[in-house]
Amino acid sequence: MLSEDKKFWEAWGQANALYTRWADAHEINYYLLFVLYALDGQEAMTQKMICDCTGLTKQTVNSVIRSLKSEGHVTLSPGCEDRREKQVVLTEKGIAYSREVLVPLHELERTVLNIMGSDRVQQMVNDITLFNTVFEKEMEKKRK
C-alpha cells in the first residue's frame, strides 16, 4: 500500500504530466503554456510576478518572455514604482495567440470540472489551498 505522501506525489505528478502532454499535443512548450496562463486576463505583470504565480525560475520566465517579445507577442515597459522593473504586456497579436492556445485548454478544464461537480471542485481547491498554506508555514519554520 502506498504511503500518503507517495499517493500525493503520484497525483501531483500525473496532473503535471497531463498538462505537459496537452502542451506537446498542441505543439507548444510547457513553460510557454504556464507563462501565457499567468498573463491571461492581466493588463501587465512583472517577471517576478510571473515567477511567483507559476513557480517557474527567473531564468525560465526570462527565456520565455524573450521568445514572446521576439515574436511580437509581448512588450516590456518600465514599471510604475520601479522603472528598472519591466512590465510584461501582451500585444494584440499576443492576446490572439494566447486565446488560440488557452481557449481549447480552458474548454477542456471546464468540461472536467463540470463532470467533477462544483462541490468536489470547491473541496479540491480548499484542500490544495490548505496544503500550500501549511507547507509554506512549515517551510518557514525550518528556515529559522
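The values are calculated or read from the model by the stated rules, or taken from the named source; none is laboratory data. This is a predicted model, so every value here is computed, not measured. Glycine also receives a Cβ, built like all others from the backbone with ideal geometry; neighbour counts cover every protein chain displayed. Surface areas here come from the heavy atoms of the whole protein model, side chains and all, with no ligands, DNA or RNA. Shrake-Rupley method; radii C 1.70, N 1.55, O 1.52, S 1.80 Å.
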query = So how strong a dipole does the chain carry about its Cα centre when Lys and Arg Cβ are +1 and Asp and Glu Cβ are -1, to the nearest 20 debye?
reply = 540 debye
inquiry  = In the range 72-144, if the dipole is taken from +1 on Lys/Arg beta carbons and -1 on Asp/Glu beta carbons about the Cα centre, which of Met116, Leu90, Asn132 is farthest to the positive end?
reply    = Asn132
message = Taking a cut-off of 21 Å, what percent of all Cα-Cα pairs in the range 62-144 are separated by more than that?
response = 61 percent
request  = Extending each Cα 7 Å along its Cβ direction at Thr133 and Lys58, get the distance between those two points in nm, one decimal.
outcome  = 3.0 nm
note = In whole percent, the fraction of accessible protein surface over the range 35-144 that belongs to carbon or sulfur atoms, probe radius 1.4 Å, stands at 53 percent
query = Could you give the dipole magnitude of the range 36-117 about its Cα centre, charging the beta-carbon of Lys and Arg +1 and that of Asp and Glu -1, in debye to the nearest 20?
reply = 320 debye
ask   = Under the definition of Cα pairs under 8 Å and six or more residues apart, what whole-number percent is the relative contact order of the chain?
value = 16 percent
request  = For the range 1-64 and the range 99-144, write down the distance between their C-alpha centroids in whole Å.
outcome  = 12 Å
query = What label, among (1) 18.7; (2) 17.3; (3) 16.6, belongs to Kirkwood radius over Cα pairs in Å computed from the structure on display?
reply = (2)
ask   = Asn29 label point, 7 Å along Cα→Cβ, cut-off 13 Å on backbone N: hits in the range 57-73?
value = 57-71
query = FRET efficiency for Ala17 and Ser77, Cβ-Cβ distance as r, R0 = 35 Å, nearest 0.05?
reply = 0.45
key: Contour excess over end-to-end distance, with Cα ends at Thr111 and Lys7 and 0.36 nm allotted per residue   = 35.0 nm
ask   = In square angstrom, what is the accessible area per residue of the chain with a 1.4 angstrom probe?
value = 74 Å²
